[in-house]
Number of protein chains: 4
Amino acid sequence: MSLPDAFHEIAQRVNNWGRWGAEDELGTLNLITDEVVRAAAACVRSGRRVPLALPLEQDGVQTGMIPGRVNPLHTMVQINQEVFGPGTVACSDDTVVMGLQAATHWDALAHVSHSGRLYNGRPADSVTAHGGAHHGGIDKARHIVSRGVLLDVARARGVPRLDGGHAVTPEDLEAAEELAGTRVRAGDIVLVRTGQMQLCLAGDRHGYGHPSPGLSIRTPEWFHARDVAAVANDTLTFEIFPPEHADLWLPVHALDLVEMGMPQGQNWNLEKLSTACGEEGRSTFLLAATPEPFVGGTGSPVAPVAVL
Amino acid sequence: MSLPDAFHEIAQRVNNWGRWGAEDELGTLNLITDEVVRAAAACVRSGRRVPLALPLEQDGVQTGMIPGRVNPLHTMVQINQEVFGPGTVACSDDTVVMGLQAATHWDALAHVSHSGRLYNGRPADSVTAHGGAHHGGIDKARHIVSRGVLLDVARARGVPRLDGGHAVTPEDLEAAEELAGTRVRAGDIVLVRTGQMQLCLAGDRHGYGHPSPGLSIRTPEWFHARDVAAVANDTLTFEIFPPEHADLWLPVHALDLVEMGMPQGQNWNLEKLSTACGEEGRSTFLLAATPEPFVGGTGSPVAPVAVL
Amino acid sequence: MSLPDAFHEIAQRVNNWGRWGAEDELGTLNLITDEVVRAAAACVRSGRRVPLALPLEQDGVQTGMIPGRVNPLHTMVQINQEVFGPGTVACSDDTVVMGLQAATHWDALAHVSHSGRLYNGRPADSVTAHGGAHHGGIDKARHIVSRGVLLDVARARGVPRLDGGHAVTPEDLEAAEELAGTRVRAGDIVLVRTGQMQLCLAGDRHGYGHPSPGLSIRTPEWFHARDVAAVANDTLTFEIFPPEHADLWLPVHALDLVEMGMPQGQNWNLEKLSTACGEEGRSTFLLAATPEPFVGGTGSPVAPVAVL
Amino acid sequence: MSLPDAFHEIAQRVNNWGRWGAEDELGTLNLITDEVVRAAAACVRSGRRVPLALPLEQDGVQTGMIPGRVNPLHTMVQINQEVFGPGTVACSDDTVVMGLQAATHWDALAHVSHSGRLYNGRPADSVTAHGGAHHGGIDKARHIVSRGVLLDVARARGVPRLDGGHAVTPEDLEAAEELAGTRVRAGDIVLVRTGQMQLCLAGDRHGYGHPSPGLSIRTPEWFHARDVAAVANDTLTFEIFPPEHADLWLPVHALDLVEMGMPQGQNWNLEKLSTACGEEGRSTFLLAATPEPFVGGTGSPVAPVAVL
């Protein structure tokens, strides 16, 4: 079995291999130029900050559906330990174990491969147990700060949340863009709101994960045309799940990460951002969303903040 | 044994308990108002971004000196796994184990206690194995974005790095402030550069940790007078180590975290920031440094970015 | 609220504090004398070995009902790594994260406390985040090898497995003892089979855990009278769960571990042992069941083997 | 580069592939028959038990020389938690993170490969990040109980410990066998004492690891001739390290694990066993040394007990 022709045709159209040189490991993050960042900072009007990360806790979004992607286990290694003797200042220290993609996170470019290749044509087997992703790991993305644009698809469609079978199309994105009153441009980070996070916040972990609305296989071309730097949304799987085409699993992952070299964000909580943008009558903001630099990581938890 | 009178006298002067209400868990982060953030965004001129985090890797800064504070162990749970069958898109996933204070990090207010109390008078025993810090945990700080000011003490003193016995005093901070050409003000996040990180970057982990230059017991009053929101530096221990006064260990931690309720950052790499600020002739910038929201965490890794 | 008088009356009758000295940390394991071990070895007739541990895997018995008691997460740190250069011998190494009580395990004496006390009157607060159990930790039990006796209560009652509401009583134990054709004696390790493990093996993790048959609050006196060294069974909770008396939770844990100082084993798979004992017409064997010596551990996984 | 002819010649002589069938995953553990176990039980005379495992603790034998092989990190997830309300029985639970080969352990057959093959000709790439060792994992060895024989090479050579450059030869083994007053036979587990453990116990972790006495490349043939079931010793590397022949690293691992299919044990503390055997005038005993059944594990901690 191999990937269908339809996939390869889109792949060819969105492919960015070589665009930023044969050695590039950043992909579309290259589109966040100093100029883009200056404009992003100029977006700030109220100074209001909206955090977009879910709390990191054992009762997190993972249900066991994805083997090995464990919720954060936080344990104490010392509690009010008077390290230097009785009556001295006391310290508490702690430790965490977690899957790098378990919570609100970025996928690194190396998170998926297809046909034996990673982004920019690197061999898939350059991901190894000893060292993880030697190319396209999350540690290559040392800063992600840009203009953020909320495309509130649920609101544009007049529903609190999209239903589980809804594939978000380019038309949906454009309707949301029109509602947003801005035009997505090069270097932007696009946040696509489906409303699916409401299920997670209500405690329905299984319903949150599956079935899930998400991005259609048709969206990578739209993102490519607009030259966005990255895309994140409020679902577990990012793309619609189960997929639009039987036997074509995770095509959006493959197109975004491998072909375009565009990082994806998942499990972002966009509910309060939607409210805040509604209150302030805008959809653009400075977005600070730098991942933790895990060397060789195929992803990283991130605590994104939108500054309105 | 108990803490000396000299400590308690300073404590009384810098104490912020009740200042933001009996229920407050944010401390001086309350000083980062919307107005402060607007001004911070207005600082951005070039759009240049400087990441301040050390890479997260097993060969990290920890040497075993602090029991249980383990360097990140990154392991793979799947590598190019064709989850949905042969020939399909392949996924790589990974997991990390690490001490929350092991690398570039923020100390939460609950990280230390003295005399049985945490910040705002909470009982120290509200930190438990089951749930960690129930008050003043790092998850309370959902966004840390403000104006950053580099106080380059090493440069102000004309040395590449301060020597191991150097306690950074208020006079040092003011000399650096003068060099910076700005005045530290309410809500700022102050980054104090000692140059000690050079030892770490050169591979001398033991020399990096001990003996170390760091903040003097006299600095909390200065930070309190200026109403800064947070302070970070480029050392393992934040304060001078071994301490200035025999048998008075970690007094700066106790004053900053417990009395003032001011978060501290450690192991921040300020070398490239020093260079960049020199090149651009400035010392202020937008600083995005939001911790990961570990529920009950007494600290968190952070990937700070200075936007110049 | 405090423990009821009925509990304290039994506690008084089974209490072993001071029996082996004020410093003792072994409790009833002291009953396994050299003579007992010689007799245990003399039990071996066929040489057949029956392993009693469940496989250690992520799809283990834990369901999240007990917070923080995580199933084993096994990850690779190197895979066929040619450490000394291309073409050399290649190594694979791995790592595990797990709750010490997550799978087939022994409870250490320090696993529970009541009224502020551990076994032998040690203060409960001698269990700390830094170092774990300073008294009565699992590392104190450096060898557990003795005569094992299978008390097959399900078989004695003529059912494949006891139902969820069945509290195993002293009368049940004596009926099973009669079926076994032996008399439980000092230093024995008693394995009590309920058949509940069948639910776990069939994949019903939730049904396995709750409701569960298990030992009655009346059994500690019986074990005390017989001077057994340790008791294990094939359930998640060891004792009947929910408990026999409303508002009296985990009384058997408190009586066995705190009062008697007798280790308890849980999640032991006794199904094949039941069959083997049936085939060989016997119920006694050499049992090798030494825990891993986790310093300060309040429990340990164990891979018990019955040698028939 | 590939392995030298001298290696392949020995490999051919000790190869056991197919000996127990094409599907075999147990290797020489097949030699532990019921009859062998009966004889092992008959060895027990005094009933004295000697534990051979090092304590599992963060201050363990690993120094960082082997990346990712981390010492046990033991953390508490609850401490005296009154799970069912104030005044009820209180529980303490804990968690561990550790390298499976970090402490006293068995190597699984899948721990090494050479020339792309594991034991019994399985492809090396059957070890994967998702599931670990699919063939020859430690979970296949569900019980290891047999006759143990101490070959005390240090004592036989009249030294407290062998020096770092000493390769233990078949002649050394035979001299120790003569001292032991027994003949090693099929199904035995041989414990080879070098005395190197004394360095570890004295706190010299680095000296313990390197340089180290250990088994010579000539020993696999001797073990093969005697049909032993497994071999363990008191060193970090099992075989002499650095190796006898430049550029031939880990040949004993490859011969024992891949060619013979014989498990190896490392970091076994044989000091007290040496004393006990001396006191009792014997060198054989019942050895109970079952690994924990980590599914897909390439090794496992083990708490071996010699019953004299």
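Summary of computed values
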item: Candidates C:Pro291, C:Pro67, C:Pro242: whichever shows maximal mean-square fluctuation once chain C is modelled as a Gaussian network with Cα springs under 10 Å; result: C:Pro67
item: Cα-based equivalent ellipsoid of segment D:108-234: semi-axis lengths in Å, sorted from largest, via gyration tensor; result: 29, 20, 14
item: Cα-based equivalent ellipsoid of segment B:71-135: semi-axis lengths in Å, sorted from largest, via gyration tensor; result: 42, 13, 8
item: In sequence order, calculated HN-Hα J values of segment A:99-108 (Karplus, 6.51, -1.76, 1.60; Hz; x Gly/Pro); result: x, 5, 9, 6, 10, 5, 8, 9, 7, 6
item: Value of D in µm² per second that Stokes-Einstein yields for segment D:154-308, Kirkwood Rh from Cα pairs, at 20 °C (1.002 mPa s); result: 135 µm²/s
item: Cut-off under 5 Å, modelled amide H: who pairs with A:Thr290 long-range; result: A:Ile144
item: Mean-position separation - Cα centroids, segment C:245-308 and segment D:204-222, in angstrom; result: 38 Å
item: Around B:Val70: net Lys/Arg minus Asp/Glu count, Cβ-Cβ under 15 Å; result: -3
item: Listed residues D:Gly132, D:Gly195, D:Gly214, most fluctuating in chain D (Gaussian network, C-alpha, under 10 Å); result: D:Gly132
item: For chain C: relative contact order, % (alpha-carbon pairs under 8 angstrom, 6 or more apart); result: 30 percent
item: Closest Cβ on chain C to the rotation axis that carries it onto B (distance rounded to whole Å); result: C:Thr75, 2
item: Local electrostatic count at D:Glu280 - Lys and Arg +1, Asp and Glu -1, tallied over other residues with Cβ under 9 Å; result: +2
item: Max mean-square fluctuation residue, GNM over chain D, Cα-Cα springs under 10 Å, options D:Val70, D:Val159, D:Val50; result: D:Val159
item: Solvent-accessible area, 1.4 Å probe, carbon plus sulfur percent, for segment A:13-165; result: 49 percent
item: Kirkwood-based Rg to Rh ratio, the protein assembly as shown, C-alpha trace; result: 0.98
item: Area accessible to solvent at C:Trp17, 1.4 Å probe radius, in Å²; result: 90 Å²
item: Per residue accessible area in Å² of segment C:31-145, where ligands, DNA and RNA are left out and the probe is 1.4 Å; result: 30 Å²
item: Zone residues, segment B:48-67, relative to B:His206, backbone N less than 13 Å from point 7 Å out along Cα-to-Cβ; result: B:63-65
item: Helix-derived mean residue ellipticity, 222 nm - over chain B, DSSP H n ≥ 4, -39500 (n - 2.57), to 500; result: -5500 deg cm²/dmol
item: Intensity falloff of chain A expressed as log10 I(q)/I(0), Debye formula with alpha-carbon point scatterers, at q = 0.08, 0.09 Å⁻¹; result: -0.35, -0.44
item: Distance histogram in 5 Å bins (all Cα pairs of segment C:181-271, percent per bin); result: 3, 15, 24, 24, 19, 10, 5, 1
item: Area buried, chain B against chain A - accessible surface, total, 1.4 angstrom probe, square angstrom; result: 6800 Å²
item: GluC sites (Glu not before Pro) restricted to DSSP loop in segment B:3-78 with at most 16 other C-beta within 10 Å; result: B:Glu23
item: Using a 7 Å Cα-to-Cβ projection, D:Val159 label spacings across copies, nm, ascending; result: 4.9, 6.6, 7.8
item: Simple label model, 7 Å out from Cα along Cβ direction - B:Arg19 to A:Ala246, nm; result: 6.6 nm
item: C:Ser46/C:Arg185 FRET efficiency (R0 25 Å; Cβ-Cβ; nearest 0.05); result: 0.70
item: All lysines inside 19 Å of C:Lys140 as judged from Cα atoms, apart from same-chain residues fewer than 8 positions distant; result: D:Lys272
item: Average Cα contact separation per residue, segment D:1-110, under 8 Å, 6 or more apart, as relative contact order %; result: 18 percent
item: Mean Cα-pair separation over length for segment A:111-261, i.e. relative contact order, pairs under 8 Å, 6 or more apart, %; result: 27 percent
item: Formal net charge of residues neighbouring C:Thr182 (Cβ-Cβ distance under 11 Å; K, R +1; D, E -1); result: +1
item: For the protein assembly as shown, share of DSSP beta bridges that run antiparallel, in % to the nearest 5; result: 70 percent
item: Fraction in percent of alpha-carbon pairs per bin - 5 Å, segment A:214-253; result: 6, 24, 30, 24, 12, 3
item: At 0.890 mPa s and 25 °C, Stokes diffusion of segment B:1-118 via Kirkwood alpha-carbon radius, µm² per second; result: 124 µm²/s
item: Rounded D (µm²/s) - segment B:243-308, Kirkwood Rh over Cα pairs, Stokes-Einstein at 20 °C, 1.002 mPa s; result: 147 µm²/s
item: Inter-centroid distance (Cα atoms) of segment C:133-159 relative to segment A:1-46, Å; result: 60 Å
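The values are calculated or read from the model by the stated rules, or taken from the named source; none is laboratory data. If you're wondering where the values come from, they're calculated on a predicted model, not measured in any experiment. A quick note on method: Cβ atoms are made from the backbone with ideal geometry, for glycine too, and the neighbour counts reach across all protein chains shown. What goes into the accessible areas is simple: the full protein's heavy atoms, side chains included, and nothing from ligands, DNA or RNA. Shrake-Rupley method; radii C 1.70, N 1.55, O 1.52, S 1.80 Å.
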